[in-house]
Number of protein chains: 2
Amino acid sequence: MRIVVLAGGIGGARFLRGLKQAAPEADVTVIGNTGDDIHLFGLKVCPDLDTVMYTLGGGINEEQGWGRTDESFRVKEELAAYGVGPEWFGLGDRDFATHIVRTQMLAAGYPLSAVTEALCVRWNPGVRLLPMSDDRVETHVAVEVEGERKVIHFQEYWVKLRASVAAEAVVPVGADQAKPAPGVLEAIASADVIVFPPSNPVVSVGTILAVPGIREAIAEAGVPVVGLSPIIGNAPVRGMADKVLAAVGVEATAAAVAQHYGSGLLDGWLVDTVDAGAVAEVEGAGIRCRAVPLLMTDVDATAEMARQALVLAEEVRA
Amino acid sequence: MRIVVLAGGIGGARFLRGLKQAAPEADVTVIGNTGDDIHLFGLKVCPDLDTVMYTLGGGINEEQGWGRTDESFRVKEELAAYGVGPEWFGLGDRDFATHIVRTQMLAAGYPLSAVTEALCVRWNPGVRLLPMSDDRVETHVAVEVEGERKVIHFQEYWVKLRASVAAEAVVPVGADQAKPAPGVLEAIASADVIVFPPSNPVVSVGTILAVPGIREAIAEAGVPVVGLSPIIGNAPVRGMADKVLAAVGVEATAAAVAQHYGSGLLDGWLVDTVDAGAVAEVEGAGIRCRAVPLLMTDVDATAEMARQALVLAEEVRA
């Protein structure tokens, strides 16, 4: 079975670990969000791709969900001693090596997809990890801080401000000019199932869908497209998805997110059991819906979620 | 008193520390060798400039004479885990930060001289540290390895091969097209004394002198030019200067090095007391010469060497 997953960072990566356990024989292609990418200290940092790679490769800091295990911060301390920031982005020493290798390869002319493939030779994630695009896309957020309206990088909004102010708009800058990375459209076209994991519907899955051609390819693939709600009980399970949902005028409810994707794209949707009341609304919108436990408390629970998603896909197909 | 010093790495840096103690009120400008510079992992590494900066700024690893004190090697270990080398060049985590800042500033368009000045704001070395040139100069060495003649970067010869094979030629690639960095010729023209510390006469001082305009400016400055022999008892005190001296057809003796610089450039020369027999030969070549202890065993001994160099300069002037 060929499964394509559109993944952001922590939520997507953890779901993928469950999916691998649930479907060990499946051929999984991950289309990773690169709208979170940022240049820091002259280095190209791809937080979502790295989180997937480290999580599936056994190098992730399990507690925080991003960055490397057994990490140290000596390079960062030295950069701060030079007065060079930002200090709010936690780049560890081991993590730095990834960005140094990536930046060196990009400077040598390799596209991000080739770089990602090369990095994955070490991590052996057990999936094919593709960036959504080799072209630069950078999610920017319009905010009002102390009466001043300004546009900042997503990471500044998410990590520095911790989404503490309202997002007035979320713009994946460059997405409209970006082309899907080599292999992306082919993977979608030959997929048996397409899955939206409980990643952020706006700045993760939404950014991937903003690359011209990807949404269309999914809609036209003719295979079940199923998703898992990142919203449980009207709040994001993790992260601050409600903040960016508000920016696109979508309520932070499991049903609203399903309808945001829409029945033109989405065939099936899993909501948590606490949101069982939303099933009828989602089905009313033309999307098959089931209520199952959606907390990724451990790999087994996550694998069960993935199994339910695949069951739902078969229901849709039938 | 304005003193200009042409410095390589370890020897030059240690001498400068002695000079600062010997002449605390002096206005010292260091013209640093950049022929050792190398791009590693996409980063611009300037070993000699950094050794001067760290040594005078209190950040040097005292035992090895280069690199940072209290260093760790986590980034390097990770790079090796990605299969990315070279592994033979010991870049530590704290050191990496310097190269990251430098590379970022260079990429932003600042010349190396401005970058060096910015880095020195942190280290406050107590001297004005100028790269010999803002243009790229890279010392290459022609060697024969296993019957094959090839040209390698100086660092590969020095650090990887540890000068274990004969150097057939030493070429400062790019030097003939390089321009002295801003401030270099001005510092020489307004100097009261010019000093060649016991740095490598070929790949350190020699490379600086290979930048068109610098040798001429020194010769025409009309002030005492004094040097200290890096060769004691027909062997380099440290390093492998004999290997590269052979490549330029110069014997590894204190007298031969003085004559290699030549009386057209050099006015005074200090040899070690064990080489007192060379004094007559050097003076016969038109260079005033004195035999004094030249082992930089500690800062006090080094300060005394610097003092003797300044005394010799005054003798020359009178």
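Observations on the structure shown:
- Single unsatisfied condition, A:P212 versus (1) in contact (Cβ under 8 Å) with a residue 60 or more places away in the chain; (2) within 26 Å of A:A191 (Cα to Cα): (1)
- Matching residues, region A:253-270, being over 13 Å from A:S199 (Cα atoms) and part of a helix (DSSP H, G or I): A:A255, A:A256, A:Q259, A:H260
- Summed over region A:20-45, residues that are part of a strand (DSSP E or B) and touching a helix residue (DSSP H, G or I) at 6+ places or on another chain (Cβ under 8 Å) total 10.
- Single condition B:V115 does not satisfy, out of (1) within 16 Å of B:D48 (Cα to Cα); (2) out of contact with any strand residue (DSSP E or B) (no Cβ under 9 Å at 6 or more places or on another chain); (3) aliphatic (A, V, I, L, M): (2)
- Which numbered condition B:Y54 misses (of (1) within 30 Å of A:A108 (Cβ to Cβ); (2) under 18 Å from the mean Cα position of the chain (by Cα); (3) part of a loop (DSSP other than H, G, I, E, B)): (3)
- For A:A318, the conditions (1) of a type in the set (G, A, S); (2) under 18 Å from A:S199 (Cα atoms); (3) at pLDDT below 95 are fulfilled apart from (2).
Results for (1) assigned by TED's automatic domain parsing to the domain that holds A:I208; (2) part of a helix (DSSP H, G or I); (3) polar (S, T, N, Q), shown as yes or no for each residue.
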site: A:R102; (1), (2), (3): yes, yes, no
site: A:S113; (1), (2), (3): yes, yes, yes
site: A:E117; (1), (2), (3): yes, yes, no
site: A:E144; (1), (2), (3): no, no, no
site: A:I152; (1), (2), (3): no, no, no
site: A:Q155; (1), (2), (3): no, yes, yes
site: A:V159; (1), (2), (3): no, yes, no
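- Top-ranked residue of region A:17-57 - restricted to ones that are more than 18 Å from A:F154 (Cβ to Cβ) and among the basic types (K, R), ranked as surrounded by the most Cβ atoms within 10 Å (Cβ to Cβ): A:R17
- Residue in region B:90-112 that is away from chain A (no Cβ under 14 Å) and buried (at least 20 other Cβ atoms within 10 Å of the Cβ) present: yes
- Exactly one residue out of B:V145, B:V159, B:V165 is within 20 Å of the chain's Cα centre (by Cα) and among the β-branched types (V, I, T): that is B:V159.
- In summary, A:D135 fulfils each of the numbered conditions (1) away from chain B (no Cβ under 11 Å); (2) touching a Phe, Trp or Tyr at 6+ places or on another chain (Cβ under 9 Å) with the single exception of condition (2).
- With respect to the conditions (1) touching a residue at least 60 places away in the same chain (Cβ under 8 Å); (2) under 16 Å from A:A7 (Cα atoms); (3) of a type outside the set (D, E), A:T51 falls short on a single one, namely (1).
- Total residues in region A:274-300 satisfying the condition of being surrounded by 14 or more Cβ atoms within 10 Å (Cβ to Cβ) and assigned to a helix (DSSP H, G or I): the figure is 9.
- Qualifying residue in region B:9-16 (condition: within 14 Å of another protein chain (Cβ to nearest Cβ), buried (at least 24 other Cβ atoms within 10 Å of the Cβ) and under 29 Å from B:V223 (Cβ atoms)): no
- The residues listed here are A:V250, A:V244, A:V226, A:V211; of these, the one that is in a loop (DSSP other than H, G, I, E, B) and crowded, with 23+ Cβ neighbours inside 10 Å is A:V211.
- The residue that is surrounded by the fewest Cβ atoms within 10 Å (Cβ to Cβ), among those in region B:125-142 that are assigned to a strand (DSSP E or B) and not hydrophobic (A, V, I, L, M, F, W, C), is B:R128.
- With respect to (1) closer than 27 Å to A:I3 by Cβ; (2) crowded, with 22+ Cβ neighbours inside 10 Å, the lone exception for A:A189 is condition (2).
- Looking across A:D50, A:D37, one residue alone is modelled with pLDDT of 95 or more and touching a Cys at 6+ places or on another chain (Cβ under 6 Å). It is A:D37.
- Some residue of region B:70-81 being more than 30 Å from A:C120 (Cα to Cα) and surrounded by fewer than 22 Cβ atoms within 10 Å (Cβ to Cβ): yes
The values are calculated or read from the model by the stated rules, or taken from the named source; none is laboratory data. Quick caveat, the model's predicted, so the values are computed rather than measured. So basically every Cβ, Gly included, is an ideal-geometry build from the backbone, and we count neighbours across all protein chains shown.
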